[in-house]
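Here the structure comes first, spelled out in structure tokens, and everything after it is commentary.
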Amino acid sequence: MAEKAKTVTGAKSTKAAQLAANTKDVHDKDWRITSDFGVKQTNTDDWLKVASEDRTGPSLLEDHFAREKIHRFDHERIPERVVHARGSGAFGKFTLFESAADVTSAGVLTDTSRETPVFLRFSTVLGSRGSADTVRDVRGFAIKFYTEEGNWDIVGNNIPVFFIQDAMKFPDVIHAGKPEPDNEIPQAQSAHNNFWDFQFMHPEATHMFFWTMSDRAIPRSYRMMQGFGVNTFTLTNDKGERHFVKFIFTPELGVHSFVWDEALKIAGQDPDFHRKDLWMAIDSGSYPKWKFGIQVIPESKEHDFDFDILDATKVWPEELVPIRYIGQLELNQNPDEFFTQTEQVAFCTSHIVPGIGFSNDPLLQGRNFSYQDTQLSRLGINWEELPINKPVCPVMNHNRDGAMRHTITKGKVNYWPNRFEAVPPAKPEEGGYQEFPEQIVGVKARLQSKKFREHKNQAELFYNSMSESEKMHIQNAFAFELDHCDDEIVYKRMCERLCEIDLGLAQTVAEMVGADIPQEQTRPKHNKKAKGLSQLEYMPATPTIATRMVAILIADGYDKVAYNGIKAALTAAGALPFTISPRRNKIYADGEEKGGSGGVVADHHLEGQRSTMYDSVFVPGGAKSIETLRKNGRAVHWVREAFGHLKAIGATGEGVAFVRQAVDLPGMEFSTAGDVVDSYGVVTASQVHPEGFKEAVQMAKGAKDFV
Ligand code: HDD
């Protein structure tokens, strides 16, 4: 890890080369500690004092080295982001395989020979900087494209819609979701009175809260979720024609989620789960990739839909507006330093490049004000000079000064026009940004178009489009969340709201949470479904278990042939096998002498980890090994819990009976086809049977749909 951290992408891109000029490496042997003003220091451990071998006297204020060290430490923190405080980032590249020149003149979307460097920051929304990764929440998906024409930021989420339609409500929705103001409880949770009170009071939030109660809000990995620009932007081509556009990223690994119990447990067992997952994948060369797509509506068709295409609480159903995939995003480099890169990176929806424009989406318009404003309070007026935020193209203008200005601009004038004609604005043919000459007619009013007032159709569309297991997860999520609301009016009214979408759902949830059970649907259903909403549609084209973590449970006396066989098969398929045993000292196979030259060193011991941290569990045979595991409650729990979380479980030889016993539930029957027992995602065989097991790993974590 240390070796990797030394390099800044080996100047893989223009951005990497620019960052390298600002990077120092602590591992260079020639360094000696200096003060911030450059003087070498001999001692940074002992404050200068009046002291002798026999007596310690007072510390001296004159020790400016000590004062500097303490001052610097006292001022290390900057304000955390008011939302999306918890996050992880990575560098990568964006490439195009098809030009979108028919709809835009933007170089980044038309030049197929370009490789645009990017930095992507994933985040949760509600929790503070130290909160857990796996909470139920929306995930941020913010990308900075360092294009040749300036920075282009897509500040998106992993959910395509939003809670509110107008930016002016943002402080309200966030206040309601964040910990409550009197006692600052709960941390990073939507399961509380204020959140659900807000949701009821804002019917426009209905569509979005169905998404946040779905499996999308508990992703297995940042690498396995979609990204959406959410807002409606515009594209303008060389002919001056304008189109409305939405941006979509779809992961090559497919869209996968935890089950809720797993997510809850990992929040305590490994709060950095997603952060580690991303870091490890990139560090080991398994670069996450997304297809980049656009949904495009010509300007002339703006009013052809029964929803307003500027309303961020609506999706553009793919049947009506197909996604055109034109590019690829790859993350391939971990940051060198968290603070200067992941923490100081700052995005703005207003960062667009020629060929891309805004729309009158009222959420976007307000965001365009908010992001610049928040960067001022977080980072100061010269935040765009920070290495991570700096464009790779030249920046020159007559803006000057402000705290922490780095650039030294030579010359006699700092205004335009001037007698030297120094630094004039760019002409359009020189690449100058041109606003689209949109005709606006209207009266001043605090209003939106009437289509903005319909809030339930797409919430129902989303719910109807879920598979049965996804619906069950949504029911359970509502039941969990409303159980955490102790104000009767909150959970009762929410059940009434659910009844407008689906009677069956409302009845189940009402019964669980102690509300009146509704008897009839309170809004007529349209019963329609749409493509692309169920995450089960996003299984990878070629099923894969690459980067999946498989725990192999062994104890002394394990079957070496089975162990080596499954390990080799998993490694060959790109999965990550981990050996888990009662201790981390060497474990010896059947026939190996204890203390001899054989044996394997386990990656972890059974108490140090939990099944939740792995995608799958495998138990090779070996009579003695199984005897030890059978007597170990934690080992039995590993298998049983993995089964409860719908994970693939494999076993061979004596492991088969152990697994069956561990997962045996009343009324459960295993079907047996020949030698291989394959039921409920459990694959057991008397011989190593990697193919069946691999398939089960793919299915169990992909579909979770066969319960
Ligand atoms: Fe926002 C951060 C995404 C609406 C105001 N937002 C922020 C981040 C993401 C989003 C991913 C984290 C960026 C990072 O990693 O640094 N926000 C969204 C999406 C929205 C949205 C997809 C709806 C379409 N946001 C929204 C509104 C407002 C804000 C309506 C205000 C009117 N958002 C902010 C902010 C943040 C922010 C307060 C906090 C930190 C930051 O900007 O840089 O300005």
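The values are calculated or read from the model by the stated rules, or taken from the named source; none is laboratory data. Being a predicted model, the structure only gives us computed values, none of them experimental. When we count neighbours, we look across all protein chains shown, and the Cβ atoms used for this are built from the backbone with ideal geometry, even at glycine. In case anyone asks, the SASA skips ligands and DNA or RNA and just uses the protein heavy atoms, side chains included. Shrake-Rupley method; radii C 1.70, N 1.55, O 1.52, S 1.80 Å.
Filter segment 484-543 down to the residues that are open to solvent by 50 Å² or more (accessible area, probe 1.4 Å), among the polar types (S, T, N, Q) and closer than 19 Å to Glu470 by Cα and list them by number.
Gln507, Thr508, Asn527
Just to be sure I understand the filter: pairs with C-beta atoms under 7 Å, separated by 6 or more residues or on different chains, first member in segment 113-135 and at negative phi and charged (D, E, K, R), second member within 13 Å of the ligand (Cβ to nearest atom) and assigned to a loop (DSSP other than H, G, I, E, B). Which pairs pass?
Note: pairs meeting the criteria are Arg121/Val345; Arg129/Glu80; Arg129/Ala85; Arg129/Arg86.
Determine the pairs where a residue that is touching a residue at least 12 places away in the same chain (Cβ under 8 Å) and among the aromatic types (Phe, Trp, Tyr), located within segment 226-237, has a partner that is open to solvent by 10 Å² or more (accessible area, probe 1.4 Å) and within 7 Å of the ligand (Cβ to nearest atom) with Cβ atoms under 9 Å apart, the partner being 6 or more residues away or on another chain.
Phe228/Asn157
When you scan segment 461-481, how many residues do you find that are within 21 Å of Thr522 (Cβ to Cβ) and touching an Asp or Glu at 6+ places or on another chain (Cβ under 7 Å)?
Result for segment 461-481: 1.
Looking only at segment 308-333, which residues are within 16 Å of the ligand (Cβ to nearest atom) and of a type outside the set (Asp, Glu)?
The answer is Ile309, Leu310, Ala312, Thr313, Lys314, Val315, Trp316, Leu329, Leu331.
All but one of (1) assigned to a loop (DSSP other than H, G, I, E, B); (2) within 14 Å of the ligand (Cβ to nearest atom) hold for Lys144; which doesn't?
(1)
Of the numbered conditions (1) over 25 Å from Val296 (Cβ atoms); (2) buried (at least 22 other Cβ atoms within 10 Å of the Cβ), Leu379 satisfies every one except a single condition; which is it?
Going through the list (1) over 25 Å from Val296 (Cβ atoms); (2) buried (at least 22 other Cβ atoms within 10 Å of the Cβ), Leu379 breaks only (2).
For residues that are part of a loop (DSSP other than H, G, I, E, B) and in contact with a Ser or Thr (Cβ under 6 Å, 6 or more places away or on another chain), scanning just segment 101-134, find the one that is nearest to the ligand (Cβ to nearest atom).
Per the stated criteria, the residue is Glu115.
If you check Asn389 against the conditions, is it under 30 Å from Pro335 (Cα atoms) and polar (S, T, N, Q)?
For Asn389, the condition - under 30 Å from Pro335 (Cα atoms) and polar (S, T, N, Q) - is met.
Look at segment 231-255 and say how many of its residues are open to solvent by less than 10 Å² (accessible area, probe 1.4 Å), part of a loop (DSSP other than H, G, I, E, B) and out of contact with any Asp or Glu (no Cβ under 7 Å at 6 or more places or on another chain).
Looking only at that region, the number is 2.
Suppose we keep only residues that are hydroxyl-bearing (Ser, Thr, Tyr) and either in contact with a strand residue (DSSP E or B) (Cβ under 8 Å, 6 or more places away or on another chain) or under 20 Å from Met512 (Cβ atoms) (or both) within segment 449-478. Which one would you say is modelled with the highest pLDDT?
Tyr463
Given the criteria in a helix (DSSP H, G or I) and either open to solvent by 60 Å² or more (accessible area, probe 1.4 Å) or modelled with pLDDT under 95 (or both), does Arg446 qualify?
no
State the number of residues belonging to segment 178-203 that are outside any loop (DSSP other than H, G, I, E, B) and buried (at least 23 other Cβ atoms within 10 Å of the Cβ).
Going through segment 178-203, the residues outside any loop (DSSP other than H, G, I, E, B) turn out to be 193-201, 203.
This time we only want the ones that are buried (at least 23 other Cβ atoms within 10 Å of the Cβ), so: 195-196, 199.
Adding up the residues that qualify gives 3.
From the residues in segment 155-164 that are open to solvent by 10 Å² or more (accessible area, probe 1.4 Å) and more than 8 Å from the ligand (Cβ to nearest atom), which one is farthest from Phe210 (Cα to Cα)?
Checked segment 155-164; the qualifying residue farthest from Phe210 (Cα to Cα) is Pro160.
Within segment 11-65, track down each residue that is of a type in the set (D, E, K, R) and open to solvent by less than 90 Å² (accessible area, probe 1.4 Å).
Across segment 11-65, the qualifying residues are Lys15, Asp25, Asp28, Lys49, Asp63.
Go through His175, His207 for me and flag whichever is within 14 Å of the ligand (Cβ to nearest atom), assigned to a helix (DSSP H, G or I) and open to solvent by less than 10 Å² (accessible area, probe 1.4 Å).
The conditions single out His207.
Please verify whether Arg640 is open to solvent by 60 Å² or more (accessible area, probe 1.4 Å) and under 21 Å from Glu607 (Cβ atoms), treating the condition exactly as stated. Reasoning before the result, please.
Details: open to solvent by 60 Å² or more (accessible area, probe 1.4 Å): yes; under 21 Å from Glu607 (Cβ atoms): yes.
Judged against the criteria, Arg640 is a match.
Do any residues in segment 66-93 that are within 19 Å of Ile33 (Cβ to Cβ) and open to solvent by less than 30 Å² (accessible area, probe 1.4 Å) have Cβ atoms under 9 Å from those of residues that are more than 15 Å from the ligand (Cβ to nearest atom) and modelled with pLDDT of 95 or more, where the two are at least six apart or on different chains, and which pairs are they?
Ala66/Thr44; Ala66/Asp46; Ala66/Trp47; Ala66/Leu48; Ala66/Ser59; Ala66/Leu60
Kindly provide the set of residues from segment 349-387 that are touching a residue at least 24 places away in the same chain (Cβ under 8 Å), farther than 18 Å from Val161 by Cα and within 8 Å of the ligand (Cβ to nearest atom), ordered by number.
Phe369, Ser370, Tyr371, Thr374, Gln375, Arg378
Scan segment 84-102 and give yes if some residue there is of a type in the set (S, T, N, Q), more than 32 Å from the chain's Cα centre (by Cα) and at pLDDT 95 or above, otherwise no.
No: zero hits.
Please work out if Ser286 is more than 28 Å from Glu330 (Cα to Cα), surrounded by fewer than 22 Cβ atoms within 10 Å (Cβ to Cβ) and among the small types (Gly, Ala, Ser).
So Ser286 does not fit the description; no.
Among the residues of segment 534-555, write down those that are hydroxyl-bearing (Ser, Thr, Tyr) and under 15 Å from Arg220 (Cβ atoms). Reasoning before the result, please.
So the first thing to find is which residues in segment 534-555 are hydroxyl-bearing (Ser, Thr, Tyr), and the list is 534, 538, 542, 544, 547.
Those that are hydroxyl-bearing (Ser, Thr, Tyr) and under 15 Å from Arg220 (Cβ atoms): Tyr538, Thr544, Thr547.
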